[in-house]
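J.: Input: one structure, supplied below.
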Amino acid sequence: MKNNYKMKTENLNFYYGDFKALDDITLDFKECQVTALIGPSGCGKSTFLRCLNRMNDLIPISRVEGKILLDKEDIYDPSLDVVMLRRRVGMVFQKPNPFPKTIFENTAYGLRVNGVKDKTFIQEKVENSLKNAALWDEVKDRLNDSALGLSGGQQQRLCIARALAVEPEIVLMDEPASALDPIATQKIEDLIHELKKQYTIIIVTHSMQQAARVSDMTAFFYMGRLIETDETDTLFTRPRLKQTEDYITGRFG
Ligand SMILES: Nc1ncnc2c1ncn2[C@@H]1O[C@H](COP(=O)(O)OP(=O)(O)OP(=O)(O)O)[C@@H](O)[C@H]1O
């Protein structure tokens, strides 16, 4: 039987030392949908996102309780291969972070790390990933130039191409457009619309307008708790809780 979710958290708690940053979060993400995580600064959105591909493992004082399922598999199961998890659940960060390498090598990076040697395969993947990230036409004649010479918006699309090259199933995006100008932001938003045909996307955004434009579902966090989640149209027009209404109408946060 097919799951009705691609990924799911069950009663997730997360601690930085004694500080409980996430409190009892149960939330699911459906395949090929975009889910936006919104809420005031410090409410735990990025912490939650980073739990989903175990990026928080790198923080020594951190501790997780509860379950996170990818399909039916618990991603915190000791037998799980974390490198494989991060291949399946890719991530794009707030600030574009290309490596000081060529555009081609940035895109091919994950394939090389995963031991792929076939040159033709790598070339095809690089081209496809750059096309999927809506960057190919702008860079196809300078694939061997440094990625650091690209504009901020181009660098961010390159980081998206790099994430796509290893064929993830889920793409996590932590405020992917917050460092970009309105035109570059629009390109990333258009891209998200295209990508959701193939990928499950979870995006943290500070912009409620952006959440309303790009997402199918929205989850509102406040002080480490999931307050309300619903279809985006419903959450923004008919929130069930006063706290959500106050936030989306700008009365706090
Ligand atoms: N490495 C860390 N060590 C200790 N506390 C942390 C760490 N990272 C985040 N926190 C704390 O956890 C809480 C949640 O932070 P988080 O960055 O997840 O919030 P956020 O909603 O993404 O905020 P913002 O919108 O400002 O990015 C905050 O109180 C923050 O200070």
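J.: At 1.4 Å probe size, with the rest of the protein present, what percent of the exposed accessible area of segment 69-182 is carbon and sulfur atoms? Walk me through the numbers before you get to the answer.
T.: Numbers: 2780 of 5570 Å².
On segment 69-182, the fraction of accessible area on carbon and sulfur atoms equals 50 percent.
J.: Could I ask something else about it? Per residue, how much accessible area does the chain show when a 1.4 Å probe rolls over the protein heavy atoms, in square angstrom?
T.: Numbers: 12360 Å² over 253 residues.
On a per-residue basis, 49 Å².
J.: Stick to Cα atoms and the Kirkwood definition of Rh, then tell me Rg/Rh for segment 31-85.
T.: Values: Rg = 12.5 Å, Rh = 12.8 Å.
Rounded to two decimals, Rg/Rh equals 0.98.
J.: Also: My understanding is that a pair violates if its Cα-Cα distance is over 24 Å; which of K67/K242; K6/K196; K119/K140; K95/K196; K196/K242; K101/K131 do that in this structure?
T.: Working: K67/K242 29 Å; K6/K196 13 Å; K119/K140 17 Å; K95/K196 22 Å; K196/K242 31 Å; K101/K131 19 Å.
Listed pairs above 24 Å: K67/K242; K196/K242.
J.: So which lysines pass the test for K117, namely a Cα distance under 16 Å, with those fewer than 8 places away in the same chain ruled out?
T.: K125
J.: Quick check on the chain: helices-only [θ] at 222 nm, where DSSP H runs of length 4 and up contribute -39,500 (n - 2.57) each and the sum goes over total residues. Nearest 500, please. Intermediate values should be presented prior to the final figure.
T.: Values: 10 runs with 90 residues, N = 253.
Value at 222 nm, helices only, nearest 500: -10000 deg cm²/dmol.
J.: Still on this structure, please answer the following. Express the carbon and sulfur contribution to the solvent-accessible surface of segment 19-61 as a percent, rounded to the nearest whole number, probe 1.4 angstrom.
T.: On the way: 880 of 1650 Å².
The C+S portion of the solvent-accessible surface of segment 19-61 is 53 percent.
J.: When Lys and Arg each count +1 and Asp and Glu each count -1, what net charge do the other residues less than 14 Å away from P239, Cβ to Cβ, add up to? Don't skip to the end; give the middle numbers.
T.: Working: positive: R238, R240, K242, R251; negative: E228, D230, E231, D233, E245, D246.
Net local charge, P239 excluded: -2.
J.: Top to bottom by accessible area (1.4 Å), largest first, where do S41, S215 land? Mind dumping the intermediate values first?
T.: Values: S41 105, S215 15 Å².
These residues rank, largest area first, as S41, S215.
J.: Over the alpha carbons of the chain, what is the largest minus smallest coordinate on each principal axis, giving the biggest first in Å?
T.: So the three principal-axis extents are 53, 43, 39 Å.
The values are calculated or read from the model by the stated rules, or taken from the named source; none is laboratory data. Not measured: the values here are computed from a predicted model. With ideal geometry, Cβ positions are generated from the backbone for all residues, glycine too; neighbour counts draw on all protein chains shown. To get the accessible areas, we keep the full protein, side chains included, count just its heavy atoms, and leave off ligands, DNA and RNA. Shrake-Rupley method; radii C 1.70, N 1.55, O 1.52, S 1.80 Å.
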